[in-house]
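Engineer: Handing you this structure, nothing more for now.
Values quoted throughout were computed directly from the atomic coordinates according to the rules given, and no laboratory measurement underlies them. In this text the structure is predicted, and so the values were computed from the model without any measurement. All Cβ positions, glycine included, derive from the backbone under ideal geometry; neighbour counts span all protein chains shown.
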Amino acid sequence: MGDQLAEIAARAADDHLQYVELMMTADGNGAAELGSKLGWEDDFAKMREKLLAGGLQDVVAATRAHVDREEARKRQLLHCETPQAEPGCQVTVHYLYQVLRGLPREKVFAQIVLGFELVQADPRFVGLNLVMPEDWYVPMHDFHLHMQMLDMLHGRYPKVHISLHAGELAMGLVPPEGLRFHIRESIEHGHAERIGHGVSVMEEHDAPGLLKQMAQRKVLVEICLTSNAGILGVEGAGHPLPTYVKYGVPVALATDDEGVSRSDMTHEYLRAVESYGLSYAELKRMARQSLEHSFVPGESLWERDLHMVSACSTDRPQTGKISSSCRMFLDASEKARVQWQLEKEFENFELQY
């Protein structure tokens, strides 16, 4: 994994990214095996207690130690903390624990609990997500059950962030009724703060009402244009990106899985411009929104509608001179520091043109 982390960081730096959240099932199969061993119960609270008493904390500790070793390998490969440090060393990396929702229900529940526990135990983990193809049998059959799991556990861990793949669907992949509720349930019962893909939003019950709700709640949609074209055959006028923008839903461009798609963020921005004629200002807003809705800890650099906080409102990142009030604000917030770096990159870029 350390070799993968090094390559991902290097590619991110080459793509001018300051921050990435990597999804990984970092425990290997530890939580799933424990869930299988302890079995299923209809009472989620009892099942959680059995997991915690039965060895889940050992899985948490082993996972953290594993990430320690692999991050050390990454730093070694990139020559971090040396004069030969590669640009990838400057990319801020956090993790989303990814739950494999195609597994049997007792394994899925155990992985979800581990995700919540990891975020509480290790600041490198900032949230969790559910992965595997949404149209497969188990993710479709157990979708309501998975949302019930998240609903209950969110009540126990209310500060843990949740991002969910939902609506990575198109007509023909699932029965028509399977297109009508995944995004809404992911938000209302799964407590998703971000939605991955969201392609089938116009097939949902009361789609305009859902879009207004997403705009009001500021639920960001991760738009994966290349992936959606290749996997779902949805692109151009058939893609809901312009609809999300029209309704004021926050959006950000994403690659989906770079290793599968052989893609990068530069070409996602290029595709957005060529497909929808987006302006530079619109691209800039998407980049800002991607950090605004990230799970990196700390207060945001932005107040309402992307206006800079008062502590930094008179400062310019490019000058390198920062007021004492802004310096104190940045020192107290990792998120604000990453956002400040993006603004510096914007200004440096714009000075060339």
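Engineer: Which whole-angstrom value gives the distance between the alpha carbon centres of the stretch 81-102 and the stretch 193-215?
Structural biologist: For the stretch 81-102 versus the stretch 193-215, the Cα centre distance is 30 Å.
Engineer: Give the relative contact order (percent, whole number) for the stretch 298-353; include only Cα pairs under 8 Å separated by 6+ residues.
Structural biologist: 40
Engineer: Looking at the chain, identify the longest residue range that excludes and avoids all trypsin sites (Lys or Arg not before Pro) in DSSP loops having at most 12 other Cβ atoms within 10 Å.
Structural biologist: 1-158
Engineer: What are the ³J(HN,Hα) values, in whole Hz, obtained from phi via the Karplus relation 6.51 cos²θ - 1.76 cosθ + 1.60 with θ = phi - 60°, for each residue of the stretch 123-136 in sequence order, with x given for Gly and Pro?
Structural biologist: Rounded to whole hertz, the list is x, 6, 8, 10, x, 9, 8, 10, 10, 4, x, 5, 8, 5.
Engineer: With each pseudo-label sitting 7 Å past Cα toward Cβ, what's the Asp206-Leu306 distance in nm, one decimal?
Structural biologist: Placing both labels 7 Å beyond Cα along the Cβ direction yields 3.0 nm.
Engineer: Continuing with this model, one more query. For Ala61, project a label point 7 Å along Cα to C-beta. Then give me every residue of the stretch 2-34 with its amide nitrogen under 14 Å of that point.
Structural biologist: none
Engineer: Here's a follow-up. Label points 7 Å out from Cα along the Cβ direction at Val93 and Glu33: separation in nm?
Structural biologist: Rounded to a tenth, the inter-label distance reads 2.4 nm.
Engineer: If you take every DSSP beta bridge whose two residues both sit in the chain, what share of them, in percent to the nearest 5, is antiparallel?
Structural biologist: Roughly 5 percent of the beta bridges in the chain run antiparallel, per DSSP.
Engineer: Can you list which of the GluC sites (Glu not before Pro) found in the stretch 53-116 are DSSP loop residues with at most 14 other C-beta atoms within 10 Å?
Structural biologist: Those satisfying the criteria are Glu81.
Engineer: Still on this structure, I have one more. If contacts are Cα pairs under 8 angstrom and at least 6 residues apart, what is the relative contact order of the chain in percent?
Structural biologist: 12
Engineer: Further question on the same structure: Tell me what the chain gives for mean residue ellipticity at 222 nm when only DSSP H runs of n ≥ 4 count, each as -39,500 (n - 2.57), the sum divided by the residue total, rounded to 500 deg cm²/dmol.
Structural biologist: After summing the helix terms and dividing by the residues of the chain, the value is -14000 deg cm²/dmol.
Engineer: Which loop chymotrypsin sites (Phe, Trp or Tyr not before Pro) in the stretch 1-73, with loop taken from DSSP, have no more than 14 other Cβ atoms within 10 angstrom of their Cβ?
Structural biologist: Filter output for the stretch 1-73: Trp40.
Engineer: So what's the net charge close to Ser36: Lys and Arg +1, Asp and Glu -1, counting the other residues with Cβ under 9 Å from its Cβ?
Structural biologist: Here the count lands on 0.
Engineer: Using Cα springs under 10 Å in a Gaussian network model of the chain, which residue among Thr243, Thr63, Thr314 shows the largest mean-square fluctuation?
Structural biologist: Among Thr243, Thr63, Thr314, the largest mean-square fluctuation in the Gaussian network model of the chain belongs to Thr314.
Engineer: Something else: Please build a GNM for the chain, connecting alpha carbons under 10 Å apart, and tell me which residue among Asn29, Asn228, Asn129 fluctuates the most.
Structural biologist: Residue with maximal mean-square fluctuation among Asn29, Asn228, Asn129: Asn29.
Engineer: Given a Förster distance of 22 Å, report the FRET efficiency between Lys46 and Glu188 from their Cβ-Cβ distance, rounded to the nearest 0.05.
Structural biologist: Between Lys46 and Glu188 the formula returns 0.30.
Engineer: Measuring from the lowest to the highest alpha carbon on each principal axis, how far does the stretch 298-353 reach, largest first, in angstroms?
Structural biologist: 32, 24, 18
Engineer: Rounded to the nearest whole Å³, what is the per residue volume of the convex hull around the Cα atoms of the stretch 211-274?
Structural biologist: 82
Engineer: Still on this structure, I have one more. Taking the radius of gyration and the Kirkwood hydrodynamic radius from Cα positions alone, what is the Rg/Rh ratio for the chain, to two decimal places?
Structural biologist: Value, to two decimals: 0.96.
Engineer: Let me ask something else. Could you line up Met149, Met24, Met328 from fewest to most neighbouring Cβ atoms inside 10 Å?
Structural biologist: If I rank by nearby Cβ atoms, fewest first, I get Met328, Met24, Met149.
Engineer: Return Tyr247, Tyr353 ranked ascending by Cβ neighbour count within 10 Å, so the fewest neighbours appear first.
Structural biologist: Final ranking by Cβ density, sparse to dense: Tyr353, Tyr247.
Engineer: Residue separation times 0.36 nm, minus the C-alpha to C-alpha distance between Ser323 and Ala85: what's the value?
Structural biologist: Gain in length upon complete extension: 82.7 nm.
Engineer: What is the extension gain from Ala332 to Glu274, computed as 0.36 nm multiplied by their sequence separation minus the C-alpha to C-alpha distance, in nm to one decimal?
Structural biologist: Stretched out fully, the Ala332 to Glu274 stretch lengthens by 16.9 nm.
Engineer: Also: Can you put Phe295, Phe349 in order of Cβ neighbours within 10 angstrom, beginning with the fewest?
Structural biologist: By the 10 Å Cβ count, ascending, the order reads Phe349, Phe295.
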